[in-house]
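Here is the structure we will look at, set down as structure tokens.
The values are calculated or read from the model by the stated rules, or taken from the named source; none is laboratory data. Quick caveat, the model's predicted, so the values are computed rather than measured. Please note: Cβ atoms are built from the backbone with ideal geometry, for glycine as well, and neighbour counts cover all protein chains shown. Only protein heavy atoms, including side chains, enter the accessible area calculation; ligands, DNA and RNA are left aside. Shrake-Rupley method; radii C 1.70, N 1.55, O 1.52, S 1.80 Å.
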Amino acid sequence: MKTRYKDLIKHSFKLPQKGFKTKGEQLFFEGIDLMEIVETYGTPLKFTYLPRISEQIQKSRNWFKKAFRDQSYNGSYKYCYCTKSSHFKFVLDEALKNNIQIEISSEFDIKLLRILFKEGKIDKSTLIVCNGFKPPSYCEAIASLINEGFNAIPILDNKDELPYYEKYVKGQCKIGIRVATEEEPLFEFYTSRMGMRFAEVEQYIEEKIKGNEKFELSMLHFFVDTGIQDKAYYWNELNKFVKLYCNLSQQYLSLNSINLGGGMPIMKSLGFKFDYQGMVSEIVKIIKASTNEFNIPDPDILTEFGAFTVGESGATIFKVIGQKQQNDSELWYMIDGSVINNLPDTLFLNDRFILLPLNKWKNEYTRINIGGITCDNSDYYNSETHINQVYLPRFDKDDNEPLYIGFFHTGAYQDALGGIGGIQHCLLPTPKHVLIDKDKNGKLVHWEHRAEQNAESMMEILGYK
């Protein structure tokens, strides 16, 4: 009977696959010797593999290119990165190598954009899609961008937003509207709080935008909170939205763009399967069929992919620093960090990531629970996407080499939600962050982007210094 951890994984999944492979007892990610990273920088740590960001962007472009060709689609495709997934400069710098557009969701994003503009990373032709509920200060900041000649399009979230642009925008202004979608049947409320009610959009445009020389309706924004999924719910909402777009486009010739929000799913299990090309092709097919029916031009299609862009580039690594057998069936592996601090989506959304050991793949496997070192009862991880359990290699706590474990594809949202550089639960410091890239010869290079947070900085935040 095969009881090695390596045998368990090979029996359950195809390996090697998409970035993951083993050599002997060790795991490699995208060719990166993870044990070398651990030995160089210590744990806990986060790392970002920068080339994956560009790879994701190019994959999406290729899917839409094929779908456009197959459907004889005449619109253009624009890839937008939504900054809220990760605001880090190294993420934007990598993404902007690919001639992308940008979606923002707060006035503070605009400071970020001005820095990128000053550095020549974007120019005034870069499309800036301005989303979210907008307080007056956000509206005024958007108006300033427009007045300075930036290609910024405010996406109206509610009826009270337009008067601010009427007041502060000096010339003409392109406008988009977010259409509120119905939520999934099991959700806690029926309709998204974001956007304008479906039934009110046409009347609002007729009353407030039609004939107003300041505003030009150019974009409708469609967003489903659960993301792009091959489900009857998604197709129903998309079809309703596309019909609305086509009806409005017949009346308003300036309307020429559909903005598809809600990103593509990312790989959170070695057993993950998703037909990305099939999904994109069906979306384009639905839009094309409707434009033919209404005899209108094919709209430009924008996608706002955030987690899809950056999620699979990130990983979080811990060392197992202790074992606790609490009863006959519950063995705990205690790690040198916190699950809920460093991977807050596991608490907020009950999210799961790819969990694999970095070493000891030839050891026997055992069922375990992972415990963080905060005093919070919720600081644990005991199930994976594909199974309601966690298995890791068994090891003797007196072994010379500790067991190291990695959570993979954690590059989106975790730092922002976890309060990077701030105060976290039990005053645990923000871990170090390592960047990994390829040089011009294709050789992997890595360097420490951020050191582990120190006690002095935490004392200063708390007012003790």
Helices (runs of 4 or more DSSP H) enclosed by the stretch 188-304 - at least 3 residues per element that are aliphatic (A, V, I, L, M) and in contact (Cβ under 8 Å) with a residue 12 or more places away in the chain: 232-251, 276-294
Report the residue count in the stretch 305-338 for those that are in contact with a helix residue (DSSP H, G or I) (Cβ under 9 Å, 6 or more places away or on another chain), closer than 16 Å to PRO357 by Cβ and open to solvent by less than 10 Å² (accessible area, probe 1.4 Å). 4
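Go through LYS66, LYS167 for me and flag whichever is modelled with pLDDT under 95 and in a helix (DSSP H, G or I). So that I can check it myself, show each step before the final result.
Working: LYS66 fails: modelled with pLDDT under 95.
Just one listed residue meets the conditions, LYS167.
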Step by step: first the residues of the stretch 286-304, then only those that are open to solvent by less than 10 Å² (accessible area, probe 1.4 Å) and in contact with a Lys or Arg (Cβ under 7 Å, 6 or more places away or on another chain), then the one that is nearest to LEU255 (Cα to Cα). Which residue is that? LEU302
If we keep only residues of the stretch 395-418 that are among the acidic types (Asp, Glu), loosely packed, with under 14 Cβ neighbours inside 10 Å and at pLDDT below 90, then the residue nearest to THR385 (Cα to Cα) is ASP396
So if I check each of PHE187, PHE223, PHE198, which one is open to solvent by 40 Å² or more (accessible area, probe 1.4 Å), at pLDDT below 90, more than 20 Å from ILE104 (Cβ to Cβ) and touching a Leu at 6+ places or on another chain (Cβ under 9 Å)? PHE198
Do you know which residues across the stretch 6-43 are more than 25 Å from the chain's Cα centre (by Cα), at positive phi and surrounded by 14 or more Cβ atoms within 10 Å (Cβ to Cβ)? GLY42
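Can you go through ILE146, ILE122, ILE175 and tell me which one is in contact with a Leu (Cβ under 6 Å, 6 or more places away or on another chain), farther than 27 Å from GLU94 by Cβ and crowded, with 16+ Cβ neighbours inside 10 Å? Break it down stepwise before answering.
Numbers: ILE146 fails: in contact with a Leu (Cβ under 6 Å, 6 or more places away or on another chain); ILE122 fails: farther than 27 Å from GLU94 by Cβ.
Result: ILE175 is the single residue among ILE146, ILE122, ILE175 that is in contact with a Leu (Cβ under 6 Å, 6 or more places away or on another chain), farther than 27 Å from GLU94 by Cβ and crowded, with 16+ Cβ neighbours inside 10 Å.
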Out of all the residues in the stretch 210-219, is one or more closer than 28 Å to VAL284 by Cα and at pLDDT below 90? no
Given (1) at pLDDT below 90; (2) in a loop (DSSP other than H, G, I, E, B); (3) buried (at least 20 other Cβ atoms within 10 Å of the Cβ), where does LYS465 come up short, assuming only one miss? (3)
